[in-house]
Amino acid sequence: MRSVAVIVGVAACSAAVLTGPAPVASASDYGFELNGTYSAVSNGEWAKHNDSFTPEGVKRDVWRMSSSCESTNRCDGTITSLNEGWTIPLRFLNDHWVAPRTIPDWAPCETGGAATGHQLYWFYGVDESGMNSRSTTELAGKDTTFTDSGSCGRNRGLTIELPLHLTRIS
């Protein structure tokens, strides 16, 4: 019985080697890549500081996004802020996009110095009713920035979360 399984396995591997790898779809086949210029609005009017609502200012930026996909649930690319000049990696995982950014000296400490901020943009395409979709023109999510536990001599770090809205402008 074991020899039959080994023979079947060898035959399957041989067939894969002889026929070559399966064709890979090109990036344009998926239709939800983010390529273009977007208005990015982090709505500070609904900001949360460590889970408590604390209003902040509204932050507006213009992003140039570029991405390509290797499957229907895996894409990679970059975001470049046209207002602030930074560039960060962009990744699509299953149903949402994520883009991490490190901000040195983000949170001032009471005793002097400042803690590093770890910002994460997390967003997904939405339709006219705000429901999750593979839209590339309207996206919604969160702009979250946090400090490490223990930074500034405090056990609990600071976390600020703002609603994020992206609109394609070109």
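Where a number appears in this text, it was derived from the coordinates with a stated rule and is not lab data. The model shown is predicted, which means the values in this text are computed figures rather than measured ones. Note that each Cβ is placed from the backbone with ideal geometry, even for glycine, and that neighbours are counted across all protein chains shown.
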Item to complete: Tell me the GluC sites (Glu not before Pro) within segment 86-170 that lie in a loop according to DSSP and have at most 10 other beta-carbon atoms within 10 Å.
Response: Glu110, Glu128
Worksheet item: So how compact is segment 89-135: Cα radius of gyration and Dmax in angstrom?
Response: 16.0, 48
Response to the item:
Computed over the Cα atoms of segment 33-168, the Rg and Dmax in Å are 15.6, 49
Fill in: Residue-wise HN-Hα coupling along segment 64-71, computed from phi with Karplus coefficients 6.51, -1.76, 1.60 (Hz; x: Gly, Pro)
9, 10, 9, 8, 9, 10, 9, 7
Worksheet, complete the sentence: The relative contact order of segment 33-168, taking Cα pairs under 8 Å that sit 6 or more residues apart, comes to a percentage of 23
Worksheet entry | Fewest-first ranking of Thr159, Thr144, using other Cβ atoms within 10 Å as the exposure measure | Thr159, Thr144
Worksheet item: For segment 155-166, what does the Karplus curve 6.51 cos²θ - 1.76 cosθ + 1.60, with θ = phi - 60°, yield as ³J(HN,Hα) per residue in whole Hz, taken in order and with x for Gly and Pro?
Response: 5, 8, x, 8, 10, 10, 10, 10, x, 10, 10, 10
Worksheet item: Using a simple charge model, +1 on the beta-carbon of Lys and Arg, -1 on the beta-carbon of Asp and Glu, nothing else, what dipole does segment 33-168 show about its Cα centre, in debye to the nearest 20?
Response: 140
